[in-house]
1. With basic (K, R) and either touching a residue at least 40 places away in the same chain (Cβ under 8 Å) or touching an Asp or Glu at 6+ places or on another chain (Cβ under 8 Å) (or both) as the only criterion, which of K8, K38 stands out?
2. Could you go through segment 54-73 and let me know if any residue there is part of a helix (DSSP H, G or I), farther than 17 Å from H4 by Cα and touching a Leu at 6+ places or on another chain (Cβ under 9 Å).
3. May I ask you to list the residues in segment 1-26 that are surrounded by 14 or more Cβ atoms within 10 Å (Cβ to Cβ) and part of a helix (DSSP H, G or I)?
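Quick note: the coordinates plus some simple rules give every number you see, no bench work behind them. Quick caveat, the model's predicted, so the values are computed rather than measured. Note that we place each Cβ from the backbone using ideal geometry, even for glycine, and neighbour counts take in every protein chain shown.
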Amino acid sequence: MTDHWIIKLFIYALMLGIVFSLGSGMYYLLFAKEQSQKTVKALTVRISLSIGLFILLFIAFAMGWIRPHNLLP
């Protein structure tokens, strides 16, 4: 079976984007003067990335591109 490294790369990129968006939302919440709009935008991006990651994981698992812990034949 071939290793689908492109899918894993997308998964890691989305996870990194989620962490970055969460950090920027925390920064805007703590230090920005116009915190409301920037915080909401950063957290909206985080939620969108999380939903996108969830959908990508479902599709990749259904297509057989990824397997959880290589347990399935």
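1. Numbers: K38 fails: either touching a residue at least 40 places away in the same chain (Cβ under 8 Å) or touching an Asp or Glu at 6+ places or on another chain (Cβ under 8 Å) (or both).
Going through K8, K38 in turn, the sole match is K8.
2. no
3. I7, F10, I11, L14, G17, I18, F20, S21, L22, S24, G25
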